[in-house]
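Taking it in order: structure first as C-alpha cells, then the write-up.
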Amino acid sequence: MLDRTFFTSSFEKSCIFGGGMWHSSVPMRAGVVGAPLARSGCMFGMGAGATHIVDERELAYYLRPATPEVALSFTPTQPKMGEPVALALTFTENGKPLGEMSVSHDRLIHTIIIPQDFSGFSHIHVEDSAQVSDAMRASGVYPLQFTFPTPGKYLVAVDFAVRAERHHKRFVVEVAGGAPSTTYTHDSAMIKDFGEYTVTLNSESAGTVPAHMHGGDTSAHADYNINLKYHIAKKGFDVIDLEPYLSAPMHIAVVSEDQSVFVHEHGMLPPSTIDTLVSRGKSLVGIPENHGMHMTEIPSRFGPDVTATISLPKAGTYHVFGEFMRKGERTVTHFVI
C-alpha cells in the first residue's frame, strides 16, 4: 500500500530529488541494521552498501555535498606492457583523508580500465586482492593490482561514492613497451556474439534531462537520456537464468570515442505495470517519471531482458560495455552507438 503522504511528503521529495528511493525497510547504514521495525524512509544503494534513513534531519545531513580529490600513482612509476604494476588511489578532502566513503554495489571503489583503441575492458576493485582495512580508510590510500596487456594510452576511470553522492574521476595513463597496435577495429552492429551468447542492444533517445535529475552525481551534468535495452539469448533460446553481478542485473560503462566522457551505470529489470503507474503518478505532482525508481532487491534468476537509462552530456559516438553474470561467470559485451 502507498501511505497518504506518498505524493506530498517533503521528506519523500527530498529523498527522490537526492537520488534515493522512498521505501519501507528497517533503518540501516552501510548494510548494518539499526532497529528491528520497518519504517518508511529513504533508501540508497543495494547489497552491502544499502542505507535506509527514516529521519528527515538525518537525510539532510547525509545529502550534504562533498568535494573529494583523487590522485593515482604507480609502482614502478612507469607502467610497462605485460608487467604487474601496483596502483595506489589516494582520496582526500580539504587536504585530509576522505571520510564517509560508501560501499556501492558491494565494492568501495570501482575502477575501469580501457585502452585508447577500445580493444579491451577491465573492471577491478581493491577487494579483488585484499579486504578494505581501517588503515586504508584512515590514510585514504587504496591499493590495486593490474597488468596492462598492450602499450599505449589507457583510460583509468574511478567511480566511488561519498555518502549518497556519486563521483567519477578520469585519468589517462601511458604504458610503455613498444608502438600501440593499430589493427583493432570495431563495428556498429547491434546484434553480436560474445562467447556462447547472442546479445542484442537497442538504443533510443529519451529526450533532454532536467537539471534537477542530475541527482547527487556531481560529474555528469548531462543533457540527454539514452534508453538501452539488452536481450540475451543462447543458441536461439532466451536466457532466463542470469544472476546479479555486484548487486545489479548489469554493470554498464559508456565512454565517448575521444574518452573525454565516462559514465558508469547499472542495468535494471524491465518495469512492471505497477511500477509504471506509480512512476507516472509521481510525474503528475512534479517528481520526474522514473526518477528515483530503483530496485532494492534483485531476483536470484532473471532474463532475458535488461534495461538502462544513461545520461550523456553531448551527442557523439559512444562505446558501451555491459557486464552480466550467469552460472558464476562474467561476460563483457561491447557495442558502439
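Label separation (ALA206 vs THR307): 0.8 nm, computed from points 7 Å beyond Cα along the C-beta direction. For region 1-151, a crude dipole built from +1 on the beta carbon of Lys and Arg and -1 on the beta carbon of Asp and Glu, taken about the Cα centre, is about 240 debye to the nearest 20.
For region 73-148, the Cβ-based charge dipole about the Cα centre amounts to some 160 debye (Lys, Arg positive; Asp, Glu negative; other atoms uncharged).
Other residues with beta-carbon under 12 Å from the beta-carbon of GLY47 carry, at +1 per Lys or Arg and -1 per Asp or Glu, a net charge of -1.
On a straight-distance basis, which lysines could pair with LYS96 in a cross-link, Cα separation under 19 angstrom, same-chain partners fewer than 8 positions away excluded? The reachable lysines, counting only those whose Cα sits under 19 Å from LYS96, are LYS169. Computed from the alpha carbon positions, the gyration tensor of region 83-137 leads to an equivalent ellipsoid with semi-axes of 24, 14, 12 Å, biggest first.
Extension gain for ASN227 to LYS96 (0.36 nm times residue separation, less C-alpha to C-alpha distance): 43.2 nm. Take the Cα of ALA60, go 7 Å toward its beta carbon, and none of the backbone nitrogen atoms of region 81-103 fall under 15 Å from that spot. Highest average first, the peptides 36-46, 125-135, 95-105 ordered by how many other beta carbon atoms sit within 10 Å of their residues are 36-46, 95-105, 125-135. Counted by Cβ distance under 15 Å from ARG64, the other residues give a net charge of -3, where Lys and Arg count +1 and Asp and Glu count -1. Under a Cβ-Cβ cut-off of 13 Å, what is the net charge of the residues other than LYS327 that fall near it, where Lys and Arg count +1 and Asp and Glu count -1? Combined, the nearby Lys, Arg, Asp and Glu give 0.
Nearest 0.05, what FRET efficiency do SER188 and ASP258 give at R0 = 22 Å with Cβ-Cβ as r?
With R0 = 22 Å, the Cβ-Cβ based efficiency is 0.80.
Shape of region 1-150 from its Cα gyration tensor (a ≥ b ≥ c, root eigenvalues): rounded if a/c is under 1.5, otherwise prolate when a/b > b/c, or oblate? Cα axes put region 1-150 in the prolate bin.
Of the cross-linked pairs LYS13/LYS327; LYS235/LYS314; LYS153/LYS314, those separated by over 29 Å at the C-alpha level are LYS13/LYS327; LYS235/LYS314. Using a ≥ b ≥ c from the Cα gyration tensor of region 97-206 (square roots of the eigenvalues), is it rounded, prolate or oblate, where a/c under 1.5 gives rounded and otherwise the larger of a/b and b/c decides, a/b for prolate? Oblate shape, in that a/c is at least 1.5 and b/c is the bigger or equal ratio.
For region 1-138, the residue among PHE17, GLY99, GLY49 whose Cα projects farthest onto the positive side of the dipole built from Cβ charges is PHE17. Working from label points 7 Å from Cα in the Cα-to-Cβ sense, the LYS314 to LEU37 distance is 5.4 nm. So what's the gap between the Cα centers of region 138-186 and region 40-96, to the nearest angstrom? Their Cα centres are 16 Å away from one another.
Rule-based calculations on the coordinates, nothing more; no lab input. Note that this is a predicted model, so its numbers are computed, not measured. Here Cβ is always computed from backbone atoms with ideal geometry, including for glycine, and neighbour counts include all displayed protein chains.
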